[in-house]
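Inspection log for the structure reproduced underneath, given as structure tokens.
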Amino acid sequence: MVIVLIDGPYISQYADIGYKMAKTALKIGYGVKIFLYMDGVHLPRKDQDPRTLPNISKNFKELIKNGCEIKACIRCAAARGYLDESDYLEEVEITSVYDLAEWMDENSKVVLLGS
């Protein structure tokens with residue numbers, strides 16, 4: 001399963017929906033990959049402290065621990081000031097959108113969440 005997240009954290013429920021979908025899919029044995037595009041590249045930032053909202057960064061750590069691969073679009077990340085992976089959780093890779101194209105094959109289920 002490939003999940004593409006477009007919205008940033010705390011502006012919609014798409015990140016939480018994507019997290020819950022990925023968590024459930026991993027639990028039942030699916031391979032899950034998440035690609036972060038547009039403002040979605042804000043999601044895996046280290047040290048987020050949303051106070052009363054779900055901590056998406058903490059949730060992403062859990063997904064990675066359970067085998068989820070997470071990549072962020074390099075052009076989107078650079079445009080938002082993330083020039084390398086030092087602002088991100090470990091295991092999150094900044095890469096080309098071409099990696100998303102490679103993930104999307106005839107056997108993949110692709111879910112796009114965002115506005």
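The values are calculated or read from the model by the stated rules, or taken from the named source; none is laboratory data. These figures come from a predicted structure and were not determined experimentally. Cβ atoms come from the backbone with ideal geometry, glycine included; neighbour counts cover every protein chain shown. Just the protein is used for accessible areas: all its heavy atoms, side chains included, with ligands, DNA and RNA removed. Shrake-Rupley method; radii C 1.70, N 1.55, O 1.52, S 1.80 Å.
Below are the figures for this structure:
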{"item": "Those Cys residues of the chain for which no other cysteine Cβ falls under 4.7 Å", "result": "68"}
{"item": "Convex hull volume per residue for the chain, taking Cα atoms only, in Å³", "result": "93"}
{"item": "Mean Cβ count within 10 Å, highest first, over the residues of peptides 84-91, 58-65, 103-110", "result": "58-65, 84-91, 103-110"}
{"item": "Rough spin-label spacing in nm, given labels placed 7 Å along Cα→Cβ, for residue 28 and residue 96", "result": "3.5"}
{"item": "Å² of accessible area per residue within the stretch 19-115, as computed with a 1.4 Å probe and no ligands counted", "result": "63"}
{"item": "Using θ = phi - 60° and Karplus 6.51 cos²θ - 1.76 cosθ + 1.60, couplings along the stretch 20-31 (whole Hz; Gly, Pro as x)", "result": "5, 5, 5, 4, 5, 4, 5, 4, 9, x, 6, x"}
{"item": "In Hz, Karplus ³J(HN,Hα) per residue of the stretch 82-91 (6.51, -1.76, 1.60; θ = phi - 60°; x = Gly, Pro)", "result": "9, 8, 8, 7, 5, 7, 9, 4, 4, 5"}
{"item": "Farthest positive-ward along the chain dipole, Cα basis, beta-carbon charges - from 68, 78, 96", "result": "68"}
{"item": "Reciprocal mean inverse distance between Cα atoms of the stretch 49-115 - Kirkwood radius, Å", "result": "13.7"}
{"item": "Residue among 28, 70, 17 with the largest mean-square fluctuation in a Gaussian network model of the chain, springs linking Cα atoms under 10 Å", "result": "28"}
{"item": "Whole-percent carbon and sulfur share, accessible surface of the chain, 1.4 Å", "result": "49"}
